[in-house]
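Asker: First the structure, which I've put down as structure tokens, then a few questions once you've had a look.
We did not get these values from a lab; they are worked out from the coordinates using the rules stated. Keep in mind that what you see is a predicted model, and the values were worked out from it rather than measured. Virtual Cβ from ideal backbone geometry, glycine too; neighbours counted across all protein chains shown.
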Amino acid sequence: MECDGFAVRLDWPAVGRSGTVRHEFTQFTTSLRRAARRAESTRRFWSAGPLRPLAVTVVPIARVAYRAHVGECASARCPTTAPLLGMSADADSQAAQHPG
Ligand SMILES: [Zn+2]
């Protein structure tokens, strides 16, 4: 799947019985610079409150994937900020996302 944009990813601490860290994607944009600015202001917004995300990151994501993504999700296969940091993505999850 082609990543034609960026989103601000919020990772939330585990709450309740499920005990899983969940994430959501917000503020889709096609501009990396805009996404970075939004992430920065989102970070500031949450830093004032008692409830804080574990992480606020910018992730490359396709518009269709962003639209299809469910609100709070625990999948480890969703986009992370790793590619933007120049880190090579996990080989196994790459294969799972792009068969063939
Ligand atoms: Zn997800």
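Asker: Any idea which of (1) closer than 15 Å to Leu10 by Cβ; (2) within 14 Å of the ligand (Cβ to nearest atom); (3) in a helix (DSSP H, G or I) is the one Arg67 doesn't satisfy?
Answerer: The failed condition is (1).
Asker: Moving on to the next point. Considering only residues of the stretch 1-45 that are among the basic types (Lys, Arg) and surrounded by fewer than 19 Cβ atoms within 10 Å (Cβ to Cβ), which is farthest from Arg67 (Cα to Cα)? It would help to see each step written out before you state the result.
Answerer: Within the stretch 1-45, the subset among the basic types (Lys, Arg) is 9, 17, 22, 33-34, 37-38, 43-44.
Keeping just the survivors that are surrounded by fewer than 19 Cβ atoms within 10 Å (Cβ to Cβ) gives 17, 22, 33-34, 37, 43-44.
On the way: Arg17: 28, Arg22: 17, Arg33: 21, Arg34: 19, Arg37: 21, Arg43: 22, Arg44: 25 Å.
Restricting to residues being among the basic types (Lys, Arg) and surrounded by fewer than 19 Cβ atoms within 10 Å (Cβ to Cβ), the top hit is Arg17.
Asker: I've got another one for you. Look through Leu54, Leu84 and report the one residue that is farther than 21 Å from Asp4 by Cβ and within 14 Å of the chain's Cα centre (by Cα).
Answerer: Details: Leu84 fails: farther than 21 Å from Asp4 by Cβ.
Exactly one of Leu54, Leu84 is farther than 21 Å from Asp4 by Cβ and within 14 Å of the chain's Cα centre (by Cα), namely Leu54.
Asker: Let me ask something else. With the requirement that a residue be over 21 Å from Arg77 (Cα atoms) and surrounded by 11 or more Cβ atoms within 10 Å (Cβ to Cβ), what does the stretch 46-61 give you? Break it down into steps so the answer makes sense when it comes.
Answerer: Step one: of the stretch 46-61, the residues over 21 Å from Arg77 (Cα atoms) are 46-52.
The answer is Trp46, Arg52.
Asker: Just checking, which of Thr80, Thr57, Thr20 is assigned to a loop (DSSP other than H, G, I, E, B) and in contact with a Lys or Arg (Cβ under 8 Å, 6 or more places away or on another chain)?
Answerer: Details: Thr57 fails: assigned to a loop (DSSP other than H, G, I, E, B); Thr20 fails: in contact with a Lys or Arg (Cβ under 8 Å, 6 or more places away or on another chain).
Thr80 is the lone residue from the list that is assigned to a loop (DSSP other than H, G, I, E, B) and in contact with a Lys or Arg (Cβ under 8 Å, 6 or more places away or on another chain).
Asker: If you check Glu2 against the conditions, is it closer than 15 Å to Ile61 by Cα and either among the small types (Gly, Ala, Ser) or in a loop (DSSP other than H, G, I, E, B) (or both)?
Answerer: Numbers: closer than 15 Å to Ile61 by Cα: yes; either among the small types (Gly, Ala, Ser) or in a loop (DSSP other than H, G, I, E, B) (or both): yes.
Judged against the criteria, Glu2 is a match.
Asker: Collect the residues in the stretch 23-45 that are outside any strand (DSSP E or B), in contact (Cβ under 8 Å) with a residue 24 or more places away in the chain, of a type outside the set (Gly, Ala, Ser) and closer than 23 Å to Ala74 by Cβ, keeping them in residue-number order.
Answerer: Across the stretch 23-45, the qualifying residue is only Thr42.
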